[in-house]
Amino acid sequence: MTKDNEMDTEAGATETSSTTETTATTETITSTATTVTSASNIIMEEVDGLIDLGVVIREANGSWDKLRSLVQHLPDEKKKQYLSHHFKPSHGDTLHSHPVTKKGRTWKVSFQQHWLLEFTWLSYSHLLSGGICRHCILFPEQPERGDGLGQGNRSGTFTLSAYQHPYSKALGKDGVLVSHSKSITHVRATERADLFLRNFHHSSERIDSRLLQQGNHLADENKHILTQIVLTVEFLAKQGLPFRGHHDDKECLVSFIHLDRVNAVGISKTILEALTLSLNIHKICGQAYDGAAVMSFDKAGVQAKIKKVSPMALYTHYYSHSLNLSIAASCQVQEVKNLIDIINEAHLHRRLQGQAMRAMPY
């Protein structure tokens, strides 16, 4: 048997010729690749600590859905290892090759290590003995028509299976590696991979981290504010002091007025006349009545008549009246009546206690 050491200029692989092979009558090119890896070898390789995405591809077993499920449950630390510290063959390692027969001559075309430097997304899987795309495996997206991939790559080459042949068509304008690197799905996967690494190395800049930090800061601030409010309320309650400063605002009854007429004109006129006795009508800032139309109607009601004289007198429904009616109705229940009595007694006791403490000499 004789060997010819001529170099193939296209693939850069070693060319060997065998005289024992039958000469082909027509020009044919055949490529075969077989990867045989025993279970014991896989266990040994995993124990040896090889970071190889071939394990994920093997578990996916040709299914896009299973691949997405697998990488979805990968921890971020493991994804980072796959992206940054994937297995790299040594310079002297023998990489996968396949025979090519052309015009009666046979030579072997092998996976070239310089491809790993030229295409940064490309890795060599020791488990599968072929090229894989780290980005497309970890951030998978099933290719569709019009994405720039060739028919072979749409079947899942580099993602669901390792690239093992034909190595002679790896480079060039329409080469397998070039076509994959320009495909839409690969470009999107690369963008996601770059974003993942940036967020991993700068976790404080991630949106979820910022939201968490902002939430924690707001919670701490609210705890501090609430603590001060509780301390203030406790101090004022013990001292029997008013909450609004030196004095509590009080509602002062001006007078009871007899109404000759109970329409809007008569009521509003009577109120304004009564206020002129001791108050400045133009400084009225609010008015409150029940919901009767004669009082609340915004066109011809009492509140509208008074607003004509004092525009700043904002009308508000007299909600305390509703509360008073509700309490009056609920007082028919004995338990509620007892509760209100207890609250009144507690308030009176606290108030008298505060007055007694202020009267004590120090």
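Taking 0.36 nm per residue of separation and subtracting the current Cα-Cα distance, fully stretching the chain between VAL336 and GLU191 would add 45.6 nm. Cβ-to-Cβ counts within 10 Å put LEU128, LEU74 in ascending order as LEU74, LEU128, the fewest first.
Any idea what log10 I(q)/I(0) is at q = 0.27 Å⁻¹ for the range 206-248, Debye with uniform C-alpha scatterers and no solvent? For the range 206-248 at q = 0.27 Å⁻¹, log10 I(q)/I(0) is -0.88.
Rounded if a/c is under 1.5, else prolate if a/b is larger than b/c, else oblate: which is the range 52-110, with a ≥ b ≥ c the root eigenvalues of its Cα gyration tensor? Since a/c reaches 1.5 but b/c is at least a/b, the shape of the range 52-110 is classed as oblate.
Over 23 Å apart at the Cα level, from the set LYS283/LYS307; LYS103/LYS173; LYS80/LYS173; LYS108/LYS169; LYS238/LYS337; LYS108/LYS182, are LYS103/LYS173; LYS80/LYS173; LYS238/LYS337; LYS108/LYS182. Summary of packing: across the peptides 82-93, 187-198, the per-residue average of other C-beta atoms within 10 Å ranks them, highest first, as 187-198, 82-93.
Can you tell me how the range 157-205 classifies by the Cα gyration tensor, rounded, prolate or oblate, using a/c under 1.5 as the rounded cut?
prolate
Coordinate-derived values only; no laboratory data. This is a predicted model, so every value here is computed, not measured. Here Cβ is always computed from backbone atoms with ideal geometry, including for glycine, and neighbour counts include all displayed protein chains.
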